[in-house]
Structures are given as structure tokens and as C-alpha cells.
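This report concerns only the one structure given below.
None of the figures in this text is laboratory data; all of them are computed from the coordinates on show. No experiment lies behind these values; they were computed from the predicted model shown. Virtual Cβ from ideal backbone geometry, glycine too; neighbours counted across all protein chains shown.
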Amino acid sequence: MAIKITEECINCGACEPECPNNAIYEGGVEWAITDGTSVKGSFVLMDGTVVSSEERFAPISVDTYYITPNKCTECQGFHEEPQCAAVCPVDCCVPDEMYQETVEELMAKKDKLHV
């Protein structure tokens, strides 16, 4: 499952540079699949929608840092644990129960993001 940042976030920014998929954004900043990945052309989002990898999407949060589940792999294939959670000083990076994914699914997502 993806990781989410809860409202306890203090906006310290420690998590953002740790994400190997560039799935973490500052509150209010638009996101795109292509940011920090090797994806070019079209990309299939988790809900099945096909988008351009360069399409910008509205921020998931405007007040705190956020993680886009379409790019979060829980650091599978990169690290033994989610790095955002490992460095968060207030423990606000937690599993997102809305996105149940197996290790195999997370690895497949990683492979799609980093061709």
C-alpha cells in the first residue's frame, strides 16, 4: 500500500529528498508522473486513466507535504523500509489504507516509473 502524510505534518521537508520516486510534494505544488522518473509519453494511473506523463495534476494537499499514491512504491526495490517514514520527526508518514498493493504490484509500479 502507498504511504500517506497525515495532518500532523509540521512541513519540515525531511521526507521529500528521501523519496526515490519523487512522489512527495510540498503542499500546494502540482505533481506529474514525469517528475523524477524516466517515464515518457502516456502512463496508466492506478484508477486506469491514461494520461500524458507530463500532465500536471492538482495538489492532493495545499497545507502540508503530500505523497501521490500513483508514484509511491513504499521504496520497494530501493530500500528495506519507506524512507519518508524513517526520517519523519513526527511519525506522520503512515500506510494509506485506501491503496492496498502487494509487494509484486509495488515492484511493477517501480519498474514502470524507472524504465
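As a proxy for reagent exposure, ranking CYS93, CYS19 by other Cβ atoms within 10 Å from fewest up yields CYS19, CYS93.
Across the options LEU45, CYS75, CYS9, the greatest Cα extent toward the positive end of the charge dipole of the chain (unit charges at beta carbon of Lys, Arg, Asp, Glu) belongs to LEU45.
Evaluated over the chain, the count of Lys pairs having alpha-carbon atoms less than 15 Å apart is 8 (only pairs 8 or more residues apart or interchain).
Any chance you could run the full-extension gain for SER38 through THR102? It's 0.36 nm times the residue separation minus the Cα-Cα distance, nm to one decimal.
Extra length from SER38 to THR102 when fully extended: 20.8 nm.
Sequence-ordered 3J(HN,Hα) estimates for the range 30-40 from the Karplus curve with 6.51, -1.76 and 1.60 and θ = phi - 60° stand at 5, 10, 8, 4, 5, 4, x, 10, 9, 6, 10 Hz, glycine and proline given as x. For TYR25, what is the net charge nearby, where nearby means another residue's Cβ is under 14 Å from its Cβ and Lys, Arg count +1, Asp, Glu -1? Its environment carries a net charge of -3.
With 10 angstrom as the radius, rank VAL115, VAL62 by how many other C-beta atoms surround their C-beta, starting from the fewest.
With the fewest neighbours first, VAL115, VAL62 line up as VAL115, VAL62.
A cut-off under 14 angstrom between Cβ atoms defines the neighbours of TYR99, and their net charge, with Lys, Arg +1 and Asp, Glu -1, is -3. If R0 is taken as 30 Å, the Cβ-Cβ distance between ILE10 and HIS114 corresponds to a FRET efficiency of 0.50. If you take all other residues with their beta carbon under 12 Å from the beta carbon of VAL44, and give Lys and Arg +1 and Asp and Glu -1, the sum is +1.
Counting each DSSP H run of 4 or more residues in the chain as -39500 (n - 2.57), what helix-only mean residue ellipticity at 222 nm follows after dividing by all residues, to the nearest 500 deg cm²/dmol?
The helix contribution divided over the chain gives -3500 deg cm²/dmol.
With respect to the chain, whose longest principal axis is taken over its alpha-carbon atoms, helix 103-113 is tilted by about 70°.
Near the amide H of LYS4, under 5 Å away, which other amide H atoms are found, from residues 5 or more places off or on another chain, if H is placed in the peptide plane? The answer is VAL94, ASP96. Take the Cα of HIS79, step 7 Å toward its Cβ, do the same at ARG56, and the gap between the two points is 2.8 nm.
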